[in-house]
Each structure stands twice: as structure tokens, then as C-alpha cells.
Amino acid sequence: MARHALPNILEGTVWPFAIFYVFLFATNVWGALLAALAYSYIGVARRLIKGQRVSGLLALTTITLTVRTILGLASGSVVVYFLQPSLAKAALAVALLLSLTRAEPLLVKVARDFVPLSDEMMERPCVRRFFVHATVLWVVLLVVHSGLATYVLLNESVGYYVAFKSVLNLVVKGGGIGLSFAWFVYIARRNGMKVSFA
């Protein structure tokens, strides 16, 4: 599972993050934003040209960085800069919700980055329902995260906001992953699928 997930994690999160910080120190915040965004678009283009599947993490990173870069270039405000992740999470919630109209929702793409899901498994009605329900769960979590972070940013000091947002990230991501995992195991077992943790 780690061998399957690691290349997608590196491509979709680690490398854009590293490129952002290298360019932040080498140039400025705008150079860093543009470099990370360019890396993501090059990654998407490379996969499309080669006829490969665009990983869910890379797709999510590209969406998020696009929103942050547009907002970053449109303003120089510290509040607007810190507001970008909250707005990106809200945009991501909308993208997840809209992806439910597609044959393979965005959450399925992300899950495939971590776990090799067979087409046979994905055709099961209970698994398809799980991904619809899990998408709704993540939409709610992202909207709550975005709303709380924005409220604290606008009403507290920047130092308090940074500390609060770090804890909020852990709670929302950890809680979302834990709930999604437990929910999947419950649905799988309820529908006669064997779940092994070996």
C-alpha cells in the first residue's frame, strides 16, 4: 500500500510544497506560488500526454494552488494571504460535490492514490454508495474547517490563528480519515466483504 501511495503523495503534495519553499527563499512569495502551480500543471500535462491517469492528489493540489495563486496575485494583504487556504477548502468542497455527477468522483481518484481499488470492487453498489456518502462527509468537514478558520482569522491575532489552524488541520483531517475508514469497514462487513488488516 505504501509503495502504491508514496509516488502519488510525493507528486501531489511533497514536491509542490518543497518547490514553493525553495522559490520562496530564492525569489518571493509570488515566485513561489507561480513555481508550485507550474509544477502541478506540468505534472497534469505530462500524465495526460502519456495517457496516464491523473492522480487524485495531483488534481486536488492543482485546484488548490490555482485558487491560491489567483487570490495571491490579486492582493498583497496578509489577511487575504492567510484566507486563501480557507477559500481553497471551500472551492475543494464545491469540486468534490460537483464531481458526484461524474462516473468516477474526485474522492474515488484520491482513494485510488492510496489503495489499489479494483474495477470489480468499485462496481459494487455498496462501495459506490460509500463514496457518495464519504464525499458528503468531506464536503461538510471542509466547509466547517473553512468557516472556523476564517472566523478566527478575522477575529484573533495572526499568531493565534496560525496555532489554531494547525490544531484544526489535525482534528479535521485525522477525524475525516478515521471516520471514512471506520465507515468503509462497517459497510464492507455489512455487505459480506471480508476486511483484513494483515
*asked:* Residue under question is residue 60, and the condition is that it be closer than 21 Å to residue 108 by Cα, in contact with a Leu (Cβ under 7 Å, 6 or more places away or on another chain), crowded, with 16+ Cβ neighbours inside 10 Å and outside the structural domain of residue 112 (by TED's automatic domain parsing); does it hold?
replied: yes
*Just give me the residues in segment 98-109 being under 24 Å from residue 150 (Cβ atoms) and under 13 Å from the mean Cα position of the chain (by Cα), in sequence order.*
106, 107
*Looking at 100, 153, which is the one that is within 25 Å of residue 79 (Cβ to Cβ), of a type outside the set (Lys, Arg) and either at pLDDT 90 or above or touching a Ser or Thr at 6+ places or on another chain (Cβ under 7 Å) (or both)?*
153
*Identify the residue in segment 25-57 that is surrounded by 20 or more Cβ atoms within 10 Å (Cβ to Cβ), modelled with pLDDT under 80 and touching a Phe, Trp or Tyr at 6+ places or on another chain (Cβ under 8 Å) and, among all such residues, is farthest from residue 88 (Cα to Cα).*
32
*Considering only segment 83-121, how many residues are surrounded by fewer than 15 Cβ atoms within 10 Å (Cβ to Cβ) and among the aliphatic types (A, V, I, L, M)?*
7
_Just to check your reading of the model, which residue among 115, 110, 136, 143 is of a type in the set (Val, Ile, Thr), under 23 Å from residue 179 (Cα atoms) and touching a His at 6+ places or on another chain (Cβ under 8 Å)?_
115
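Mind checking which residues of segment 168-198 are of a type in the set (Ser, Thr, Tyr) and within 30 Å of residue 85 (Cβ to Cβ)?
Of all residues in segment 168-198, those of a type in the set (Ser, Thr, Tyr) come to 180, 186, 196.
Across segment 168-198, the qualifying residue is only 180.
If the requirement is being loosely packed, with under 15 Cβ neighbours inside 10 Å and within 23 Å of residue 71 (Cα to Cα), which of these qualifies: 142, 154? Give the steps one after another, and end with the answer.
On the way: 142 fails: loosely packed, with under 15 Cβ neighbours inside 10 Å.
The unique qualifying residue is 154.
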_Qualifying helices (runs of 4 or more DSSP H) (wholly inside segment 43-154; at least 1 residues being without any contact (Cβ under 8 Å) to a residue 60 or more places away in the chain, basic (Lys, Arg) and more than 29 Å from residue 184 (Cβ to Cβ))_ = 56-74
*Using beta carbons and a limit of 7 Å, which pairs, at least six apart or on different chains, have the first residue in segment 176-187 and closer than 17 Å to residue 144 by Cα and the second one at pLDDT 85 or above and of a type in the set (A, V, I, L, M, F, W, C)?*
176/137; 176/138; 176/141; 179/137; 180/134; 180/137
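The values are calculated or read from the model by the stated rules, or taken from the named source; none is laboratory data. Since we're looking at a predicted model, the values are computed, not measured. As a convention, Cβ positions derive from the backbone with ideal geometry for all residues, glycine included, and neighbour counts pool all protein chains shown.
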